[in-house]
Each structure stands twice: as structure tokens, then as C-alpha cells.
1. Looking at (1) assigned to a loop (DSSP other than H, G, I, E, B); (2) at pLDDT 80 or above; (3) β-branched (Val, Ile, Thr), which one does ILE106 not meet, given that it meets all the others?
2. Can you tell me which residue within segment 81-103, out of those that are assigned to a strand (DSSP E or B) and either in contact (Cβ under 8 Å) with a residue 60 or more places away in the chain or in contact with a helix residue (DSSP H, G or I) (Cβ under 9 Å, 6 or more places away or on another chain) (or both), is nearest to TRP47 (Cα to Cα)?
3. What residue, among those in segment 72-98 that are within 16 Å of the chain's Cα centre (by Cα) and buried (at least 21 other Cβ atoms within 10 Å of the Cβ), is nearest to ARG163 (Cα to Cα)?
4. Find all pairs meeting these conditions: Cβ atoms under 8 angstrom apart; at least six residues apart or on different chains; first residue within segment 17-44 and farther than 30 Å from PHE82 by Cα; second residue assigned to a loop (DSSP other than H, G, I, E, B) and among the small types (Gly, Ala, Ser).
5. Could you check segment 105-117 and list, in sequence order, the residues that are more than 17 Å from THR34 (Cβ to Cβ) and under 11 Å from the mean Cα position of the chain (by Cα)?
6. Conditions first: (1) more than 13 Å from the chain's Cα centre (by Cα); (2) within 27 Å of GLY50 (Cβ to Cβ). GLN136 passes all but one, so which condition is the exception?
Amino acid sequence: MLDFLNPVKGFGVTFREMFKKVDTVMYPEEKRPTAPRYHGHHQLNRWPDGLEKCIGCELCAWACPADAIYVEGRDNTPEERFSPGERYGHVYQINYLRCILCGLCIEACPTRALTMTNEYEIADDNREKLIWTKEQLLVPLLPDMEVPPHPMRLGKDEKDYYRLGGAGIAATPRAPGTSGPVASDSEVAE
């Protein structure tokens, strides 16, 4: 056919789109809700008694294709217990300058210690503020939780904790300022 009309056909798409109404979002005053399984920033979860779920295994760091996670594990002692396992994550950092929010670290975590929230506002004008530490990632303590280190309260060994988690009893709420599905009071109380 006539090849010289092909550019005109292409411009036809442009002209049709030019006169359509633009969907403007008044961000940041109005925020659109995200999809329920949206991959936002990470959070480190706790057991209902306040102990950390992270056992310092470093599988999340190994699974990260961008090498954005740094974990340094240490051994728990009977006097200072931070997690129900033999070890805990002493240093935990996520570099959001590198992170691509793919979720592979979440899949690699054997204890569901690391999850992702629906919060997407992680941009900053300071590079140092984009390296989040364990303190920034940990879910805050609820009123009925005890500040670690403390002995295990939900069972005599770590197997008791993981059985509770497998039964869905060890649900923790989302970090402050985040949205998405939240554990109900009955789930947390059980």
C-alpha cells in the first residue's frame, strides 16, 4: 500500500490521545490506595511476646539480586535472648539506593521475619537516610509485648514458636503509617 501514509497513521494515535481528559492525581495531598500485595518498604516482624522473628540466617541477603541487604548474626545466650532461635540478627540494614523491591528476600526468609508493607514513600534527598537500620525496620512493640532481651514466653524451645507461627497465631500488626491487611485483635490475642 502507500508507505508514505504510515507516519500519518502514527500521528493519528498522538492526536487522539491529545484530546482525552487527563487523570490528574493531587499527590501528596491525595494518595491513591495501593494493591493489597504491593511491594513497598520492608518491615521486620516480632513474635507476640516481643522477641524478634529474625534469626540472623542471612538468607535474605543471599537472595537479594541487588546486594542491598546486610545482615550480621550473633548467638543468643540464656541471659540475653533476642529471638527464639540459636541466633538473632544483630545488625540488619537495607540500602534503598540499591533495592529494587522485587520481594525475593521475602520469599527466602524461613521465619517470615521480613515482609513488605504497602508504604511506597521512601525517597529522600539524603543518601544516608536511605540505608535503613534494624531499628527503623522493626515493628514497634505492642502494649502487651516485653522489650527484648528476655526468656522465651510462648514455649520452652524455638520449635514451639514455629508451631505457633504455622498455625497463624503469631500475627503482628503493620508498622506505623502503613496500610494493607492488618492482624485482627483476635488473631493477635490467640
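1. (1)
2. Looking at the filtered set, the residue picked out is GLY89.
3. Per the criteria, the residue is GLY89.
4. PRO33/SER179; THR34/GLY40; THR34/SER179; THR34/GLY180; PRO36/GLY180
5. Listed by number, the residues that qualify are CYS105, ARG112, ALA113, LEU114.
6. GLN136 satisfies all of (1) more than 13 Å from the chain's Cα centre (by Cα); (2) within 27 Å of GLY50 (Cβ to Cβ) except (1).
The values are calculated or read from the model by the stated rules, or taken from the named source; none is laboratory data. Please read these numbers as outputs of a predicted model, since none were measured by experiment. No Cβ is skipped: glycine too gets one built from the backbone with ideal geometry, and neighbour counts run over all protein chains shown.
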